[in-house]
Amino acid sequence: MKNDFWWFLKMALRDSRKQRGRLLLFISSIVLGISAIVAINTFVDNVKNDIQSEAKGLLGADMVLRDNQKLKPEVRKILDSFGVETSGSMHFNSMVRVLKNEGTRLVNVVSTDGKYPFYGKIETEPSGVYSQLTDGHNALVDNTLFIQFNLSVGDSIQIGAQRFAVLAAVTNAPGQTGFTSAIAPNIYIANGAVEQTGLIRYGSRLNDYLYVKETNTETLTKIKDLIEAKYRNASLRVQTFENRSQQTGEAFGDAGRFLNLVAFIALLLGGIGIASTINIYLKSKIKDVAILACIGIPSSKAFRIYLLQIILFGFAGAVAGSLLGSALAYYLPVVMSDFLPVEVHYAISPAAIIFGLLTGIVTSLLFTIDTLMKLAQTPPLAALRSYIDDIPLKRIQLWFSRLLILFFIILFAWYLLESWFNAVVFTAGCGLAVLLLTGLSQLMKNVARRLVRPGWSFTLRQAIANLYRPNNQSTVLISTIGLGTALITLLFLTQDMLLSKVSFKSSDKDPNMILFDIQTPQLDEVSQFVKSQEMPVMATVPIVTMRLELLRDKNKAYYFPEENGESANENGVRDHVFNREWRVSYRDSLNDNEEIIAGEWIGKYAGKGDIPISVEERNLEYMQAKVGDKLTFNVQGAPLNCYIASVRKVDFRRIETNFTLLFPTGILENAPQTQVVITRANSAEQSAHFQQQFIARFPAVSVVDLNFIIKTVSEIIDKLKFVITFMSLFSMATGFIILIGALFNSRYQRIKETVLLKTIGASAKKLLRINLFEYALLGAFAAIAGILLASVAAYALSIYTFSTVFVPAFSSLLLPIAAITTLVVVIGYFNTNTILKQTPLEVLRKENA
Amino acid sequence: MQKPIIEARAVSKVYQSGEKAVEILHGLDFDVDKGQTVAITGPSGSGKTTLLGLLAGLDTLTKGSIKIDSEALEQLSEDGRAALRLSKMGFVFQNFQLLPNLTALENIMVPLELTCHSKPQENAMQLLNRVGLANRHSNYPTQLSGGEQQRVAIARAFAHKPIILMADEPTGNLDGETSEMIENLLFSLNEQLNTTLIIVTHDLELAAKTHRIIKLKNGRIEE
């Protein structure tokens, strides 16, 4: 026998000639999955390349030093001793007041000496005005703010006690994303103007930055090592442009990995689509293989014709997917623009394309391996015996194919996630989802089988019976549409949970506005003002800032002997417990939203011995501490010896001034402190009016309008949702293609039955009703199964991730059920109608051809 | 004296039906000479198709031996039996069994290509011409009538000049007139090419046209 690759290829092409449309339709189930993967990988590659090439531009310098208090003069001396160029900048939050329309908003004030950034630039509109910023009366305003307050060049704004003329809108700055500016947009002022604002006082939260320009990496390393060694116990942090680009790259890598998973799910759905549709096509080849075996080419070789077909069409699907994905990657930066720290330059990624091509071929083969094995062992006798239309596989072969599929899914997931554990968890999750959906579809078929009653109408009986008859597409449709529905529904449910997590529990009587950074002497004046605006002073809370010096009598150097870049040591102690500035309060009683879960609450200090304090449960974990442990704080140079008397669980969603550390009364009353006033505005108008008046009167006090924060967070989540929905659409679209393929396939399966029924007198209308009713049942069940699955997953997420109570709004889930059912029925209609409109003979001739 | 082209000795076939073993053929013995035409007849379930399958090496013997042109089938592997079919046998089936996605011409070309024939297309065209279907060469099986499909199947079966042609109810799906045409075609090609012809059939008229009839009943020969 001729054992020639080219002959097999020729036969593969010859045999596929009449069915290329059908094969392409089936293969198209993987096109979208591949395109999603190629698009995401190309995009991530592009972003990483740009982050790499613009590493210095991302930081604006070669190195930056940051402290959450004013940098010590010695630090500057060290830098001067190396002769490097530096640029100082201070960042702090404040309210801005727009004078022309009395608009107010919490902003991030960034002061600069004009030298920063050393790399990249602050782009403005009108352009080229950044150098004029050194005049202490000018300000550059983030474009978000510029638009929000309808600002024009020359308009006046007030920050603290100082007024500034708006020079321009900032359209781009090093490392800035739309995401960051949505929370607290930047306003740039000159370093010299900071003092005039009067905002840098005791208790002010600020970050002092010193940007360094030094191209010699050896010098940079020396500086970094020196400063880190000298200030190990301080809150000073050093970051080089390499650290920054690495961190940003990793952050995008994480985002890319998540999006890749969503894309991979689309591909797996496509795999299931292939498994269901191509396998029916391949099964129809059993007779052909048997004929070839009779002619003289054994089945073990004849199956190569179909193996080559799968490879060829899988490759075609992968090429189409890769092309589409590469094209989509061009537009992804637009979709993701709010989250990008660099301008992304589009370039085709050969690695992404190769991965896409390989994935396409492997997926096609993996999901057809069972039927290919059947073809390879087709007995030639099948040509003589018409009843041989399927070849049972041995148990070991079934296990082999299942394990192979599992292995490759884990392998691909590992490539995408870069973690074996996560890859296994992901695969297990997908497997569980498919198992659940398959189980549900089996349940539906069993129920349908038992449900049918002889007394029911012919239409109803036939429609329900179609769900469980041989060659039904119920399982594949429920699995694919169900999984697609589950993904999208889970996305929306997660979004609801996220929003409920960040939204505050509030009633008509709860506070919704917090005034902070109030100096103690002005507390009465502020309170009076609040009352004069017909708003209640619901609470005044003192805040004392301090640092942790010793944890169980050991300092930071003990817990972190080396600066290795890790945020927690091997025992789980987080370094930020030493680095952060603790804002604590004192009172003699607990709030309603606080509960003691360990130890004993002591509200008053007896005046002797260590001070009994209460620690919030998560912060206790950050310190890896327990009740009774000793903590020493530093308040303006004075040490405070404390011990953990109690641990509190705090419901942070309640609008209270929630504190991680709570002191008893009788110790901090005379310490330097600021005050917070909590109040409530009854309407958005009252809130706006109050803020205008208040900021005019107390420019150095900041106002947090909780309703505005919720709105901002919702907007950010909306943007995230858009990105994820965009990716999930690939799964939905894949499900849609699979749906068409599966229904198309069921047409092949049902054609004879339909024609027979028509021949013996069933009207086209009746047959259409049977089919549409069947599709409606399938669509509705698939959607319900998907939603059930999503609800189970959401429930698990609510417990293990969000620690919140999951209450799905079932009424909102009715819409997807209706939409998906309609979609299935509409596609089913077009699928069936073409058969029904023609005469039985016409249909048989056409379909057989 | 020339050696028989087929030597069947104590041929038995047992199928497992659940836990029960069902003996379909009970130790059949017969020879077939080169160029002979043989009809295997018998009622449904008598074992005709099973015997044909065994003779062609499509299935394996439970007991006994079958030699095709001196080669013992039971000693050959699946691949070996396939190679033997390719070099020495042709097939005609009741339901034609043409490859549905190949044209009439391509169907005939398959065995020629497999045997590395130098001009498969020209040769296949000649065969098509011989069965009177040259003008239908580019038609797919579904575009041909039953009789036409069977003529293509016969052309394919004779394409690589087999020494034995196995036919399973070759006229079973055809009307009287077409059946006669197919029978004539089979016998004329058999004569021209000196091919041994084994025909499984219910049709006693067709059986009567052969040199010899092997009548099966309950898996035994009633010759």
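The values are calculated or read from the model by the stated rules, or taken from the named source; none is laboratory data. Bear in mind the structure is a predicted one, so any value in this text is a computation, not a measurement. Cβ sites come from the backbone with ideal geometry, for glycine too, and all protein chains shown count toward neighbours. In case anyone asks, the SASA skips ligands and DNA or RNA and just uses the protein heavy atoms, side chains included. Shrake-Rupley method; radii C 1.70, N 1.55, O 1.52, S 1.80 Å.
Mind checking which strands (runs of 3 or more DSSP E) fall wholly inside region A:605-722 and carry at least 2 residues that are within 30 Å of residue A:526 (Cβ to Cβ) and at pLDDT below 90? Because the criterion is at least 2 residues that are within 30 Å of residue A:526 (Cβ to Cβ) and at pLDDT below 90, the strands (runs of 3 or more DSSP E) in region A:605-722 that meet it are A:630-635, A:638-650, A:674-679, A:702-705.
Against the numbered list (1) touching a Leu at 6+ places or on another chain (Cβ under 7 Å); (2) hydroxyl-bearing (Ser, Thr, Tyr); (3) modelled with pLDDT under 85, residue A:506 comes up short only at (1). Taken as a whole, region A:749-764 holds no residue that is hydrophobic (A, V, I, L, M, F, W, C), modelled with pLDDT of 70 or more, open to solvent by less than 30 Å² (accessible area, probe 1.4 Å) and in contact with a strand residue (DSSP E or B) (Cβ under 6 Å, 6 or more places away or on another chain). For residue A:346, the criteria (1) closer than 30 Å to residue A:51 by Cα; (2) within 14 Å of chain B (Cβ to nearest Cβ) hold in every case but one, which is (2). Checking each residue in region B:191-223 for being among the charged types (D, E, K, R), in a loop (DSSP other than H, G, I, E, B) and under 22 Å from residue B:23 (Cβ atoms) picks out B:222, B:223. Across region A:372-418, the qualifying residues are those that are of a type in the set (S, T, N, Q) and open to solvent by 30 Å² or more (accessible area, probe 1.4 Å), and the one among them that is nearest to the other protein chains (Cβ to nearest Cβ) is A:386.
Answer yes or no: is there a residue in region A:354-370 that is under 25 Å from residue A:30 (Cα atoms), assigned to a loop (DSSP other than H, G, I, E, B), open to solvent by less than 60 Å² (accessible area, probe 1.4 Å) and modelled with pLDDT under 85.
No: region A:354-370 contains no residue that is under 25 Å from residue A:30 (Cα atoms), assigned to a loop (DSSP other than H, G, I, E, B), open to solvent by less than 60 Å² (accessible area, probe 1.4 Å) and modelled with pLDDT under 85.
Please work out if residue A:127 is buried (at least 24 other Cβ atoms within 10 Å of the Cβ) and among the small types (Gly, Ala, Ser). The answer is no for residue A:127. Contact annotation: residue pairs with Cβ atoms under 8 Å, 6 or more positions apart or on different chains, pairing a residue in region B:70-86 that is within 12 Å of chain A (Cβ to nearest Cβ) with a partner that is among the acidic types (Asp, Glu), are B:84/B:71. In the set (1) within 36 Å of the chain's Cα centre (by Cα); (2) modelled with pLDDT of 90 or more; (3) open to solvent by less than 20 Å² (accessible area, probe 1.4 Å), residue A:319 fails one condition alone, (3). Does region B:164-216 hold any residues that are open to solvent by 90 Å² or more (accessible area, probe 1.4 Å), among the charged types (D, E, K, R) and modelled with pLDDT of 90 or more, and which are they? The answer is B:209, B:215. For region B:87-116, a residue qualifies if it is touching a helix residue (DSSP H, G or I) at 6+ places or on another chain (Cβ under 6 Å) and more than 7 Å from chain A (Cβ to nearest Cβ), and the qualifying residues are B:90, B:92, B:96, B:98, B:100, B:104, B:105, B:107, B:108, B:109, B:112. Of the candidates A:715, A:685, A:669, the single residue that is farther than 30 Å from residue A:491 by Cα, touching a residue at least 60 places away in the same chain (Cβ under 8 Å) and of a type in the set (Asp, Glu) is A:669. For the residues A:305, A:291, A:295, A:311, the requirement of being within 14 Å of chain B (Cβ to nearest Cβ) and open to solvent by 10 Å² or more (accessible area, probe 1.4 Å) singles out A:295.
For region B:135-150: of the residues being within 13 Å of chain A (Cβ to nearest Cβ), in a helix (DSSP H, G or I) and more than 17 Å from residue B:169 (Cα to Cα), which is most open to solvent (accessible area, probe 1.4 Å)? Residue satisfying both the conditions and the ranking: B:143.
Which count do you get for residues in region A:588-642 that are among the small types (Gly, Ala, Ser) and either in contact with a Lys or Arg (Cβ under 7 Å, 6 or more places away or on another chain) or surrounded by 15 or more Cβ atoms within 10 Å (Cβ to Cβ) (or both)?
Selection size over region A:588-642: 5.
Please indicate, with yes or no, whether at least one residue in region A:657-670 is charged (D, E, K, R), closer than 30 Å to residue A:533 by Cβ and open to solvent by less than 50 Å² (accessible area, probe 1.4 Å). So far as region A:657-670 goes, no, none of its residues is charged (D, E, K, R), closer than 30 Å to residue A:533 by Cβ and open to solvent by less than 50 Å² (accessible area, probe 1.4 Å).
Per the conditions (1) modelled with pLDDT under 85; (2) within 29 Å of the chain's Cα centre (by Cα), the sole criterion not satisfied by residue A:68 is (2). Scanning region B:47-61 for residues that are at negative phi, crowded, with 17+ Cβ neighbours inside 10 Å and assigned to a loop (DSSP other than H, G, I, E, B) yields a total of 4. Can residue A:40 be described as under 30 Å from residue A:274 (Cβ atoms) and under 34 Å from the mean Cα position of the chain (by Cα)? Criteria met by residue A:40. The test for being in contact with a Gly (Cβ under 9 Å, 6 or more places away or on another chain) and among the hydrophobic types (A, V, I, L, M, F, W, C) does not hold for residue A:78.
Answer yes or no: is there a residue in region A:90-103 that is open to solvent by 30 Å² or more (accessible area, probe 1.4 Å), touching a residue at least 40 places away in the same chain (Cβ under 8 Å), of a type in the set (Asp, Glu) and assigned to a helix (DSSP H, G or I). Scanning region A:90-103, I find no residue that is open to solvent by 30 Å² or more (accessible area, probe 1.4 Å), touching a residue at least 40 places away in the same chain (Cβ under 8 Å), of a type in the set (Asp, Glu) and assigned to a helix (DSSP H, G or I), so the answer is no. Of the helices (runs of 4 or more DSSP H) lying entirely inside region A:1-66, those carrying at least 2 residues that are within 14 Å of chain B (Cβ to nearest Cβ) are A:5-16, A:20-53.
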